[in-house]
Amino acid sequence: MSDPGWQVVADSLERKCAAPTTEQITVAQALGAALRQDTPALVAAAELRVLLRTPLGLTLAGDFDDEEYEVLLDLASRTGLAVPDMEQIEYRELLNAWLHVARDCESAAALRRLKPAVDDVVTARDRRKGPDLYGEISSVGANGRLYFRGGHGLGTAPHRITRIVRPDEDGYADQLRLAREYVAAAQSNPTRITRAQEVQLAQWRVSFPATPAAVEALRNALETADDEATMQRLLEKHPALLASTVVGTHDTWVRPQVQLGNHYMADFMIAGQTSLGIRWTLVELESPVSRMSNPGNKRASTTLRHAVDQIEDWRRWLSANLHYARSARNADGLGLPGITAEVPGLIIMAREDADDAAADIRELHARRSHIQVRTYDWLMRINESPDPLRRDAPEQRDRLA
């Protein structure tokens, strides 16, 4: 059986911190110098560069200050490494080598203490982002760094680990969930989705624009509907009416009634894809006969405040469940690739009314909450006169594919 990854790395790091190699001793003797046996190999290499600086024309930085030397002392004290006095280190080249040795000694010691393996879940201190960092180990780097699965380079030094949980230990499932959500939140560009993820959305792909029959159905519904359930059924039957509300120059998808955990359900979630990636929108429907503002004080109505609260609740849920939300449905996820916790919102409610303070309210929520508040008359207008430049016709894309 081969050695585990951590042991191979620890052995390699310790060799760099050990005595000079035979080759280094031979070169030093040829130069008329001697290397101490307690000199780490990395430092010995730096000493040889100092000796060869003149014949090889090397330019070496010389001066360094007390603060830099204090950093070395701090690192060395954590691993029991004996380092020379500051006066004995003439060149920054040598100081940097000792710093490298101190870090490698610290990493090797931590690896031997932790014995980390692929699939273990770790909790670590992260000075930049806060007290807790979670990760599911995917590999151990040559410098001892523990890399996290799905993290696009995210990881941590082993000496920062405060807890490690193995797959066969109690609490592993909870820690694994924390790790996956942490990595999902840390992704720098989650809106770039793969072709496979696009295929997973295929059943909700819609054409643009909406057909004349769909527009007529919307017009008829607005003449008689007095609750949001009627509008929900209509828009589920004609999703292209909602597709017109987002920009998707490549593709657009409309998903109805998306369950978010045990307590929330979004009426619709719309995704538009452009060359910049995929952008989701949370949609909350209210009754066409509701009002945006109170007749007396012109402030947001109870119905509107409730709708805004709904979208904020969905966002909070997403912020704690991003990995679950983005994972494919056949992997027990929600199948919302590229979604973020900052997803914009769209509330569609009411009819246009000169006595309703709609303009001020729309501007307020768009500026503060990234939530657009629109009327059903607005939805009608953008479907009666769709902008042909908003997206390519899907049937044309199919012919050109």
**Fill in**
Residue-normalised 222 nm signal for the chain, counting each DSSP H run of n ≥ 4 as -39,500 (n - 2.57), nearest 500 deg cm²/dmol, is -13000 deg cm²/dmol
**Request:** Rank A173, M349, N220 by how far each Cα sits towards the positive end of the charge dipole of the chain (+1 on Lys, Arg Cβ; -1 on Asp, Glu Cβ) and give me just the farthest.
**Result:** N220
**Request:** Choose one of Q24, A34, Y69: the residue whose Cα lies farthest towards the positive end of the charge dipole of segment 5-112 (beta-carbon charges +1 Lys, Arg; -1 Asp, Glu; about the Cα centre).
**Result:** Q24
**Message:** With a cap of 15 neighbouring Cβ atoms within 10 Å, and only residues DSSP puts in a loop, list the trypsin sites (Lys or Arg not before Pro) found in segment 1-60.
**Reply:** R36, R53
**Prompt:** Using alpha carbons only, how many degrees (0 to 90, rounded to 10) separate the axis of helix 228-237 from the longest principal axis of the chain?
**Reply:** 70
**Request:** Give the angle, between 0 and 90 degrees and rounded to the nearest 10, that separates the Cα long axis of helix 5-17 from the longest principal axis of the Cα atoms of the chain.
**Result:** 40
**Complete:** By the Kirkwood definition, with r running over pairs of different Cα atoms, segment 195-400 has a hydrodynamic radius in Å of 17.6
**Among T39, T224, T59: highest mean-square fluctuation, GNM of the chain, C-alpha pairs under 10 Å** = T59
**Item:** Within segment 157-217, trypsin sites (Lys or Arg not before Pro) in DSSP loop having at most 15 other beta-carbon neighbours inside 10 Å
**Value:** R192
**Where GluC sites (Glu not before Pro) fall in DSSP loop in segment 147-231, at most 14 other Cβ within 10 Å** = E169
**Prompt:** Residues with beta-carbon under 14 Å from that of T340, excluding T340: net charge, scoring Lys, Arg +1 and Asp, Glu -1?
**Reply:** +3
**Asked** Taking amide hydrogens as modeled 1.01 Å from N in the peptide plane, which residues meet the under 5 Å criterion relative to I371, leaving out close sequence neighbours?
**Response** G345, A366
**Asked** Against the longest alpha carbon principal axis of the chain, how many degrees, from 0 to 90 and to the nearest 10, is the axis of helix 92-114 turned?
**Response** 70
**Using θ = phi - 60° and Karplus 6.51 cos²θ - 1.76 cosθ + 1.60, couplings along segment 134-147 (whole Hz; Gly, Pro as x)** = 10, x, 9, 5, 10, 6, 10, x, 4, 8, x, 5, 8, 9
**Asked** Gap in Å between the Cα centre of segment 15-37 and the Cα centre of segment 235-296?
**Response** 69
**Request:** For every other residue with a beta carbon closer than 11 angstrom to the beta carbon of K16, add +1 if it is Lys or Arg and -1 if Asp or Glu, then tell me the sum.
**Result:** -1
**Asked** Pick the calculated Rg/Rh (Cα atoms, Kirkwood Rh) for this structure from (1) 1.18; (2) 0.97; (3) 1.08?
**Response** (1)
**Message:** Pick from Q310, Q203, Q372 the residue whose mean-square fluctuation is largest in a GNM of the chain, springs joining Cα atoms under 10 Å.
**Reply:** Q203
**Request:** Give me D309, D65 ranked fewest to most by other Cβ atoms within 10 Å of their Cβ, as a rough exposure proxy.
**Result:** D65, D309
**Request:** In a Gaussian network model over the chain where Cα atoms closer than 10 Å are linked, find which of V206, V50, V247 has the largest mean-square fluctuation.
**Result:** V50
**Fill in**
Here segment 308-318 yields Karplus 3J(HN,Hα) values (6.51, -1.76, 1.60; θ = phi - 60°; whole Hz; Gly and Pro given as x) of 5, 4, 4, 5, 5, 4, 4, 5, 4, 5, 4
**Complete:** Here D for segment 17-145, in µm²/s, from Stokes-Einstein with a Kirkwood Rh over Cα pairs at 4 °C and 1.567 mPa s, works out to 77
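Every number in this text was worked out from the coordinates using simple rules, so none of it is lab data. Computed from a predicted structure; not experimentally measured. When we count neighbours, we look across all protein chains shown, and the Cβ atoms used for this are built from the backbone with ideal geometry, even at glycine.
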